[in-house]
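Readers should treat all values here as calculations from the given coordinates under stated rules, not as data from a laboratory. Because the structure is predicted, anything quoted here is derived from the model rather than measured. Every residue, glycine among them, receives a Cβ derived from its backbone with ideal geometry; neighbour counts consider all protein chains shown.
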């Protein structure tokens, strides 16, 4: 046990470097054997430069909102001494790795644990932070999903090949949308009225403060709209169903991809999107999805690798320095003891 404690400072950097190797493997697997046909290249060339620029801005909006997720959770915990730069770096690395690795709640918790324990947060605080971030995304997805279903009840007809018939009915869609909006409203009202906490399966659940809820209702829709916007801007005008439909399909497909725990939602995300866009040229839809995967998943993954390497390099240097100082202190103490005995 003492051996593990003494060497724990070396174990975490080793795990970090293993995560980097796994990330390199994911990048290699993503591009291995990929042969893009002439039609797909033509679809990429057909995207205007202004739309590429808008897709990049949408990506930045999404990741800025994701960083705000962590900031909101830290405010809920009453932690204010961590810089925005560190929060943004930790959030960016968390989502870049977890979106690509899969099992996002677990992998995200591991990355956040490694980062925020270096700032003095306890395991219990980090668990709450992860829960608040997950809740923030859920709120955004339920709110925007409900809003789209109320405004465009026929949107689920786009998913008629993947959903039961009764769910693609316009009346059913409006009922589901209304229920989603009511659930979000109940959450907000509970916070405003400061309703007492309650327990579900032995887990105590308390309403966050209203200022926290307000921030959640800004950050989550912004992140989802930004991510869906990448695909929307890359789609051609011909057969484009409009942003609300793209947003609804994105929420459904991205949620399904997260639930599948497949690395990057690979296959699940693309399948649902392609099935949901029968009116658009399939090559153009695939090009839009590949651009999304490049901007939202692969480029962030590549950048996150360097962030992790830099972080683990510094932590390893600190561990070596700390152990060296302990060794020097022990040697000095022994020398003093011998001198006193003599």
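For residue 163 and residue 77, FRET efficiency with R0 = 56 Å and r from the beta-carbon atoms, rounded to 0.05?
E between residue 77 and residue 163, to the nearest 0.05, is 0.90.
How far apart, in nanometres, would the label points at residue 309 and residue 214 be if each is projected 7 angstrom from Cα along the Cα-to-Cβ direction?
Distance between the two pseudo-spin positions: 4.4 nm.
Among 136, 117, which comes first, then next, by fewest other beta-carbon atoms within 10 Å?
Numbers: 136 27, 117 14.
Least to most surrounded, the residues fall as 117, 136.
Let's test the formula: R0 of 35 Å, r as the Cβ-Cβ distance of residue 50 and residue 122. What FRET efficiency results, to the nearest 0.05?
0.15
So what are region 64-177's ellipsoid semi-axes, whole angstrom, largest first, if each one is the square root of 5 times an eigenvalue of the alpha-carbon gyration tensor?
Calculated on Cα positions only, the semi-axes equal 36, 15, 11 Å.
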